[in-house]
Amino acid sequence: MSETSPTTPPTVLTEVPRGRLPEAIKYFRNDLVSGFLVFLIALPLCLAISVSSGYPPIAGIFTAIIGAIVTTFISNSELTIKGPAAGLIVIALGCINEFGGAGNTNAYRAALAVGVAAAVLQILFGMFRAGILGEFFPISAVHGMLAAIGVIIIIKQIPYALGIIGAKGSPLEMVQQIPHYILEANPAIAAIGIVSLLIMFTWPKVSRKLGPLKLIPAPMIVLLVAVPMGMGFDLLHKHSYYLQGHEYQLSEQYLVDMPGRIFGMFDEVTYPDMSVLTHLVAWKWVMMFFIIGSLESLLSAKAVDLLDPWRRKTNMDRDVIAVGVGNLCASLVGGLPMISEIVRSKANIDNGARTRFADMWHGIFLLICVALIPTVLHMIPLAALAAMLVYTGFRLAHPTEFIHVYHIGKEQLAIFVTTLVVVLATDLLIGVAAGIVLKMVIHVSNGVPLRSLFKPYLEVEDVDENTSMIIARQSAVFSNWIPFRRQIEDIGLVQHRNLIIDVSDTQLVDHSVMGKLEEMARDFEQEGLTFEVRGLESLQPLADNAQAARKRGLATIRRITVMANQSLRYWLLDEFVKCGATGYTVTTCTGAGRRNIQNDSVADDEHVRIEVIAPEHVCDAVIDFLRRDILPGHHVEACVETVDVVRVGHFASVEDQPINGSHH
């Protein structure tokens, strides 16, 4: 999941929109328009996700309709769109395959029963206020899991995009079969898949120059092109064609299976086979749906809160209950599992939605469409849906995600890649567990005491009548963050007190906690309180990134020493500061260089010695300046050394500090 900065709220509104009747009526037009535009995105994606999950295509529509209408009246999340998500494809398909495979009615009904049980657990999870457990999972492991899901989606959808029906196997086995899939591709279907894929990648960039047309989402453009292509290839009728001496078959099997009449969707309602829950293997999938589904939903809801122009805060426990009730209703009639879905939610915000009723309207539009024109939807080629999901998978596993994690720290990249590889080789739960175990091993190797892995050692002091200080000892890491967070919330947000967090006596503050502290700062800001983190300057970052983990010990940094003529003094100092130097030492001195000695001119010249201690990127900027502007025209000596310092924060600019001072 990539970082996005919050949107600026429209200045024409002086009040915060709320999805409560009758107040929400004043936002009817905004929510209706956004709901319709989200519907244009959701329709093809719901079909694509459902087909890829091994469920009937209509199952994804059932989920989106129920999620939109039911959860609107339970959750207080104003801008999230509930529905099927690509992140659950791997689990859903695995569950279907466990009980007989796609197209098997018994497997479908067994998966619905698994969905019912997982939904009940989600409801209980929210009722017992356990939504905070989503805070336990380390960020790099979660991102590694999502990247692995993206890779698996791409691998699984390549055969469909090429016209290969029924391709099976583990992700690693299917990767080896890709050359075979290309050789066996059906050219007509592959043409639809390739054109659809090109549209998915190019339309977002091209549409920016097309005025009002930019409102049409890429998936809908794909349908507007792919459906006529399918009609041109006459996919509604079984026939064959020849190309370069090869015979290829075309038929309805390459189209989405939909009801053949108006209101036929109600004939597709399917009930779960609850007897499957007597088998132990079913509970493995129940736990997968429950844990991964709840985690993804919580992360999405939190991400949408950051994007909300009015900074409205979702009650995570209430949102989990809403998703659980939605999943229960959907599973009882034949639907896929749902979560708070980030892509459609982001589109909802961009389209100008005001309240949660935009979600409801998108569901109503889906209901009208599928009830009245199912025969039109039947004309959608499966290859077009596969292309949409290949694009979705690519975004989940985008190369910039690897680069971003690497910049946060090499140890974070190790956790990210380990989680990704183990998920590909085994399954999601084992992969995430591997990432968590590796992170704990790294923490212990960095000096974190075993006793503080799960228990934070905290001391609370009152600074004044409005401010308290929490002093953290030993460690502040992902595995002990939940009790740490509860303490912060109880003292700060519940008692409405300003808060200072002192981490100067910790051995390690990990990347996950660095991010969580920034989230807490935003929460305090919304409540009109100040939140200050002290002591980070006494810890050394493991990478040159504001959110990198911080460890007790000496930090490696650069020392630049420059010897120059006195006349260059103020020019050099001014430029060094512009390059990012936060301080310098200047010494007036005399001396002679090699040129003077060789020319027998040993008279001492008046020089200045400037010493700067700075991070590597500042050092690089200073050296670039010297090479570009000074050395071509002046005799200057410069040397760079690597030195260790106690507090690297003394030499970092304000912009490099992740959380400094108070947040008002």
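The values are calculated or read from the model by the stated rules, or taken from the named source; none is laboratory data. It should be emphasised that the depicted structure is a prediction, and the values quoted were computed from it without experimental measurement. Every residue, glycine among them, receives a Cβ derived from its backbone with ideal geometry; neighbour counts consider all protein chains shown. What goes into the accessible areas is simple: the full protein's heavy atoms, side chains included, and nothing from ligands, DNA or RNA. Shrake-Rupley method; radii C 1.70, N 1.55, O 1.52, S 1.80 Å.
At 222 nm, what value in deg cm²/dmol follows for the chain if DSSP H runs of at least 4 each add -39500 (n - 2.57) and the sum is divided by all its residues, to the nearest 500?
-16000 deg cm²/dmol
With viscosity set to 1.002 mPa s and temperature to 20 °C, compute the Stokes-Einstein D of the stretch 63-135, Rh being the Kirkwood radius across alpha carbon pairs; µm²/s, no decimals. Walk me through the numbers before you get to the answer.
Working: Rh = 14.1 Å.
My calculation gives 152 µm²/s for D.
If we sort 154-161, 579-586 on the protection proxy, mean other Cβ atoms within 10 Å, highest first, what's the order? Could the numbers behind the result be given before it?
Working: 154-161: 24.2, 579-586: 16.0.
Order by mean packing, descending: 154-161, 579-586.
For the stretch 535-633, what does the equivalent ellipsoid look like in terms of its semi-axes, each the square root of 5 times an eigenvalue of the Cα gyration tensor, given largest first in whole Å?
Taking √(5λ) for each eigenvalue gives 34, 14, 12 Å, largest first.
Provide the per-residue ³J(HN,Hα) series for the stretch 579-588, in order, calculated from phi with Karplus coefficients 6.51, -1.76, 1.60 and θ = phi - 60°, each as a whole number of Hz, with x at glycine and proline positions.
6, x, 5, 9, x, 7, 10, 10, 10, 7
What is the calculated FRET efficiency for Ala425 to Asn565, with r their C-beta to C-beta distance and R₀ = 51 Å, to the nearest 0.05?
Using R0 = 51 Å, I get an efficiency of 0.20.
With charges set only on the Cβ (+1 for Lys and Arg, -1 for Asp and Glu), what does the dipole of the chain come to about its Cα centre, in debye to the nearest 20? Before the final figure, lay out the partial values.
Details: 50 positive and 61 negative charges, 263 e Å.
Dipole about the Cα centre, nearest 20: 1260 debye.
Per residue, how much accessible surface does the chain expose to a 1.4 Å probe? Answer in Å², no decimals.
Spelled out: the 1.4 Å probe surface of the chain, per residue, equals 44 Å².
Given a cut-off of 25 Å, name the pairs among Lys214/Lys313; Lys82/Lys302; Lys26/Lys346; Lys82/Lys205; Lys284/Lys313 whose C-alpha atoms lie farther apart than that in the structure shown.
Violating the 25 Å Cα-Cα cut-off are Lys214/Lys313; Lys82/Lys205; Lys284/Lys313.
Based on the Cα atoms of the stretch 54-192, what semi-axes does the equivalent ellipsoid have, where each is the square root of 5 times one gyration tensor eigenvalue, given in whole Å with the largest first?
Listed largest to smallest, the semi-axes of the stretch 54-192 are 32, 19, 16 Å.
To the nearest µm²/s, what D does Stokes-Einstein give for the stretch 292-431 at 37 °C and 0.692 mPa s, using the Kirkwood radius over alpha carbon pairs as Rh?
Estimated via Stokes-Einstein, D reaches 181 µm²/s.
On the first, second and third principal axes, largest extent first, how far apart are the outermost C-alpha atoms of the stretch 328-383 in Å?
Result for the stretch 328-383: principal-axis Cα extents of 33, 27, 24 Å.
Can you tally the net charge around Ala387? Count Lys and Arg as +1, Asp and Glu as -1, for every other residue whose Cβ sits under 14 Å from the Cβ of Ala387. It would help to have the intermediate numbers written out before the result.
On the way: positive: Lys156, Arg395; negative: none.
Here the count lands on +2.
How much of Asp502 can a 1.4 Å solvent probe reach, expressed as accessible area in Å² and rounded to 10?
30 Å²
Say R0 is 22 Å: what FRET efficiency, to the nearest 0.05, do Ile262 and Leu215 get from their beta-carbon distance?
Working from the Cβ atoms, E equals 0.15.
For the stretch 496-550, what is the charge dipole size about the Cα centre, in debye to the nearest 20, if Lys and Arg each add +1 at the Cβ and Asp and Glu each add -1 at the Cβ?
60 debye
Got a number for carbon plus sulfur as a percent of the chain's accessible area, 1.4 Å probe?
Working: 17090 of 29070 Å².
The value for the chain is 59 percent carbon and sulfur by accessible area.
Roughly how many debye, to the nearest 20, is the charge dipole of the stretch 94-219 about its Cα centre, given +1 on each Lys and Arg Cβ, -1 on each Asp and Glu Cβ, and no other charges?
So the dipole magnitude of the stretch 94-219 works out to roughly 520 debye.
What's the extension gain from Tyr241 to Phe128 if we count 0.36 nm per residue and subtract their Cα-Cα distance?
Gain on stretching Tyr241 to Phe128: 34.6 nm.
If you average the alpha carbon positions of the stretch 302-329 and of the stretch 397-475, how far apart do those two centres end up, in angstrom?
The distance from the Cα centre of the stretch 302-329 to that of the stretch 397-475 comes to 25 Å.
Modelling each spin label as a point 7 Å along the Cα-to-Cβ direction, I'd like the Ile25/Arg628 distance in nm, to one decimal.
In this crude spin-label approximation the distance works out to 6.3 nm.
Please report the accessible area of Tyr242 (heavy atoms, 1.4 Å probe, ligands and nucleic acids excluded) in Å², nearest 10.
150 Å²
Rounded to two decimals, what ratio of Rg to Rh does the stretch 387-513 give with C-alpha atoms and a Kirkwood Rh?
Result for the stretch 387-513 is an Rg/Rh of 1.09.
I need to check one value: relative contact order of the stretch 462-551, counting alpha carbon pairs closer than 8 Å and at least 6 residues apart, in percent. Before the final figure, lay out the partial values.
On the way: 143 pairs, mean separation 27.7, N = 90.
Relative contact order for the stretch 462-551 comes out at 31 percent.
With an 8 Å Cα cut-off and a minimum separation of 6 or more residues, compute the relative contact order for the chain in percent.
Values: 1256 pairs, mean separation 127.6, N = 664.
So the answer I get is 19 percent.
Reported to two decimal places, what Rg/Rh ratio describes the stretch 183-335 when computed on Cα atoms with Rh from the Kirkwood expression? Don't skip to the end; give the middle numbers.
Working: Rg = 22.0 Å, Rh = 20.5 Å.
My calculation puts Rg/Rh at 1.07.
If you average the alpha carbon positions of the stretch 95-111 and of the stretch 213-266, how far apart do those two centres end up, in angstrom?
25 Å
Largest first, please: the extent of the C-alpha atoms of the stretch 216-284 along each principal axis, to the nearest Å.
That works out to 54, 36, 27 Å along the principal axes.
Lys and Arg at +1, Asp and Glu at -1: add these up for the other residues within a Cβ distance under 11 Å of Ile557 and post the number.
Value of the local net charge: -1.
If I take all pairs of Cα atoms in the chain, what percentage of them are more than 44 Å from each other? Can you show the working numbers first?
Working: 71928 of 220116 pairs.
The proportion of pairs with Cα distances above 44 Å equals 33 percent.
Ordered by residue, what ³J(HN,Hα) values in Hz, to whole numbers, does the stretch 173-184 give under the Karplus form 6.51 cos²θ - 1.76 cosθ + 1.60, where θ = phi - 60° and Gly and Pro are x?
These are the phi-based 3J(HN,Hα) values: 5, 5, 4, 5, 8, 4, x, 5, 4, 5, 5, 9 Hz.
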